[in-house]
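Shown next, in C-alpha cells, is the structure this report addresses.
The values are calculated or read from the model by the stated rules, or taken from the named source; none is laboratory data. All figures in this text were calculated on a predicted structure; none of them were measured in a lab. As a convention, Cβ positions derive from the backbone with ideal geometry for all residues, glycine included, and neighbour counts pool all protein chains shown. Side chains included, ligands, DNA and RNA excluded: accessible areas come from the protein's heavy atoms. Shrake-Rupley method; radii C 1.70, N 1.55, O 1.52, S 1.80 Å.
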Amino acid sequence: MLVLAGVAVIALGFLLRFNPLLVIVVAAAVTGLAAGLDPLAVLAKFGHAFNQSRYVTAIYIVLPVIGLLERAGLQQRARALVGGLRGLTVGRLLAGYLLFRQLSAALGLNAVAGPAQTVRPLVAPMAEAAAAQQGEQDGEPIRALAAATDNIGLFFGEDVFIAIGSILLMRGVLEGYGVRVEPFQLSVWAIPTALAAFLVHGARLWWLDRRLRRRAR
C-alpha cells in the first residue's frame, strides 16, 4: 500500500496549489522510493522517461517562433484581414474553425492547431475583430470562446482517429471485462458524438451572433 503514497502527494499538492510539474515529479519519486527503488534507480527512470518523450520539448522551439511572428505584427494582420471581410461574424468564424479542428483531429493531425499555434496568434484576434464589427468591445469572453472552440474540436474529433491513446485505452478496458472490440469500431461510434458536439457548440455560436445582432439594434 505504500506505493499509493504518490497518489496522496498528488492530491495534497494540487489541493495546496503547488506547481503541477513539481507535484508530479515529487509524487513519482515518492512512489519509486516506496516501491523499494534506490534514489539512483528513480533518477534513471526519470531520465529514461524523458528520453522516450523528447518530442515534448518541441514546444520550446514553437513558442519563440510564435513570439517573433506576433512581434512582427501577426495579430494586427489577422485583425486587418477580418476587417476587410463583409458578412463575417464571430460565430461563423469560430464555427468554421471548429469544423477544421474536428476534421484535422479525426485524421490524427492534433498538432497542426492549438492554443499556442493558432488560437492566440490568429483565431482569437480574428474573432475579436469580427466581434468588434458586431459591436462587442469586450475581448475577454471572445478569446475564451475561441480557446473553448479549439478544445471542443480537439476533444471530440480525436476519438475518431483509430490510433489515438483514448481509443486504445477503451479497447484495453473493454477487453479486461471480456468484451473484444476493434479500434475501428470504437472510432466509428465516436462519429455521432463528434457530430453532436459540433451541433451543440455551433448552436452556442449561433446564439452569440443573434445576441450581438440584437444588441446592435
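Here Arg210 and Phe100 are evaluated by their C-beta separation; at R0 = 22 Å the FRET efficiency comes out at 0.45.
Pairwise over distinct Cα atoms, reciprocal of the mean inverse distance: report the Kirkwood radius of the chain in Å, one decimal place.
20.6 Å
The gain in end-to-end length when the Ile66 to Leu195 segment is fully stretched comes to 43.3 nm, 0.36 nm per residue minus the alpha carbon separation.
Across region 58-217, C-alpha contacts under 8 Å between residues 6 or more apart give a mean separation that, scaled by the residue count, equals a relative contact order of 28 percent.
Among residues other than Ile167 with Cβ under 12 Å from its Cβ, the summed charge is -2 (Lys and Arg +1, Asp and Glu -1). Helical content alone sets the calculated 222 nm signal of the chain at -23500 deg cm²/dmol, taking -39,500 (n - 2.57) per DSSP H segment of four or more residues and averaging over every residue.
In this Cβ point-charge picture (+1 for Lys and Arg, -1 for Asp and Glu), the chain has a dipole of about 900 debye about its Cα centre.
Order 130-143, 173-186 from most to least packed using the mean count of other Cβ atoms within 10 Å.
130-143, 173-186
Per residue, how much accessible area does the chain show when a 1.4 Å probe rolls over the protein heavy atoms, in square angstrom? Ligands and nucleic acids excluded, the result is 65 Å² per residue. By the compact-protein rule of thumb, 2.2 N^0.38 Å, the alpha-carbon radius of gyration of region 154-217 corresponds to a ratio of 1.64.
Across Pro115, Pro64, Pro20, mean-square fluctuation computed from a Gaussian network of the chain (C-alpha pairs under 10 Å connected) peaks at Pro20. How large, in percent, is the carbon and sulfur part of the accessible surface of region 151-213 at a probe radius of 1.4 Å? Carbon and sulfur: 72 percent of the exposed surface of region 151-213.
Take every Cα pair under 8 Å whose residues are at least 6 apart in sequence, average their separation, divide by the length of region 116-193, and the relative contact order is 24 percent. If we count every other residue with Cβ under 12 angstrom of Val188's Cβ, Lys/Arg +1 and Asp/Glu -1, where does the sum land? Net charge in that neighbourhood comes out at -2. Taking Leu68, Leu205, Leu12 in turn, the Gaussian network model of the chain (Cα-Cα springs below 10 Å) assigns the largest fluctuation to Leu12.
In the chain, taking the dipole from charged Cβ atoms about the Cα centre, the farthest positive-side position among Ile66, Leu122, Leu12 is held by Leu122.
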